Every structure is written in structure tokens, then in C-alpha cells.
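Data block below; observations after.
The values are calculated or read from the model by the stated rules, or taken from the named source; none is laboratory data. Values in this document were obtained by computation on a predicted structure and should not be read as measured data. Backbone-built Cβ (ideal geometry, glycine too); neighbour counts: all protein chains shown. Note: accessible area is taken over every heavy atom of the protein model, side chains too, but ligands, DNA and RNA are not part of it. Shrake-Rupley method; radii C 1.70, N 1.55, O 1.52, S 1.80 Å.
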Amino acid sequence: MRIVELWNTDLKQSYALFNTFPKEENGFVNNAYGYTFEKFIDYVCAKAENSKSRNLQKGFVPDTVYILINDDEKYVGIFNFRHYLNEFLRDGPGHIGYGISPEYRGKGYASKGLSLVLYVARKIIPEDEIYLECFKTNKASLQVQLHNGAYIHHETDDHYLTRIKK
């Protein structure tokens, strides 16, 4: 299993993967929802630039979108890694957000994918801990985070905010 930057994948397969997700589900936001393939290509190019701190929208931080590819070369998940935090991210989504395509859920892909992204994150982020978040109703996501060494830092009415030591 491996993670690959979105712009270094087979874009037709990545496009198909993005199309398995709704616009928003359990906190995972599909920013390419409803895009034509041509518009998706533009999105990919913009993400490649953003990862290098170029052409960032106001209030955004550099981020890298990774595609999780299993041992059978199937595109199974999307991981969004934000290189550092701003106030919004610190009090909410944190460094990493992820989603596993519905047909691959419950098979350990989220845990393995998060582990792979954490390896990259530990080399890049300036903070002492890696910040994550999940809905309280999404027990599977909380288990993925705990399995990767997270602890519940605090909670709101509807979210757990977790941290993983760098």
C-alpha cells in the first residue's frame, strides 16, 4: 500500500475515486464534487501549486492531497494533509482529513493510509503534535486515529479533537 500525490496519479482513476464521494460526508469535504474531468484537471493543477505555497487563497495554508493505492493498484482513499495550522484549522479540522471510498471501508485502509501520511507529516509540520478531528458519530474514524497513537485532546458537542505526538 502507498500514498501518491494527486498530481502524480493516473488522473482518470483519481477522478473516478473522487466521484465515489458526496460533497460532504462525516466531515470529509470533496472539493472536486460535481466537476467535469476537465475541471478536475484544473483542480489537480491548483493543488500541485498550493502544495508549494503558490497561488493560495486567502486564509488557506499549503496542503498536499494524497491518493491511497492498495496492493492491487486500486485507488481506495483520499488524504488531505495541511502543512501547518492557522487558527481555523487549529480549532477544527487540523492537519489531516481523510475519506475511504465506500466499497473499501472497514478493511483497515484508513488506519494504514493515516499511518503513511503521519510519516510524511512528522517531517514537515512545525507543531509538536499532529491535530485531527472527527464527528462523535463517526466511531470508525476515532478508532483509526486512536490506533495511530492519538489521544482525545478535547471535545465539543459534536466533535472529538485528537492529537498525535510528533
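A few notes on this one:
- In the set (1) 143; (2) 111; (3) 125, the label that goes with volume of the Cα convex hull per residue in Å³ computed for this structure is (2).
- The stretch 82-95 - phi-based ³J(HN,Hα) in whole Hz, Karplus 6.51/-1.76/1.60, Gly and Pro as x: 9, 5, 7, 9, 10, 4, 4, 5, 4, 9, x, x, x, 7
- Only helical runs count toward this figure. For the chain, summing -39,500 (n - 2.57) over DSSP H runs of n ≥ 4 and dividing by all residues gives -9500 deg cm²/dmol at 222 nm.
- Using the Karplus relation 6.51 cos²θ - 1.76 cosθ + 1.60 with θ = phi - 60°, the per-residue 3J(HN,Hα) values for the stretch 60-69 come to 9, 10, x, 8, 10, 9, 10, 9, 8, 10 Hz, with x marking Gly and Pro.
- For G77, the amide hydrogen comes within under 5 Å of the amide hydrogens of L68, S101, counting only partners 5 or more places away or on other chains and with H modelled in the peptide plane.
- Sequence-separation-based contact order of the chain, relative, with Cα cut under 8 Å and 6+ spacing, percent: 19
- Gaussian network model of the chain, Cα within-10 Å springs - most flexible of N55, N70, N80: N55
- Between I78, I67, I124, the residue with the greatest mean-square fluctuation in the GNM of the chain (Cα pairs under 10 Å linked by springs) is I124.
- Net charge of neighbours whose Cβ lies under 15 Å from the Cβ of E129, counting Lys and Arg as +1 and Asp and Glu as -1: +3
- Computed label-point distance, nm, for sites N31 and T137 using a 7 Å Cα→Cβ extension: 2.5
- The distance separating the Cα centre of the stretch 5-57 from that of the stretch 86-151 comes to 19 Å.
- Distance between the 7 Å Cα→Cβ label points at N70 and L146: 2.5 nm.
- Carbon + sulfur, % of accessible area of the chain - ligands and nucleic acids excluded, 1.4 Å: 50
- The chain: most fluctuating residue of A121, A46, A150 per GNM, C-alpha cutoff 10 Å: A46
- Phi to ³J(HN,Hα) by Karplus 6.51 cos²θ - 1.76 cosθ + 1.60 over the stretch 97-102, Hz, x for Gly, Pro: x, 8, x, 10, 4, x
- Cut-off 13 Å, label 7 Å out along Cα→Cβ of C45, residues of the stretch 4-39 by amide N: 38-39
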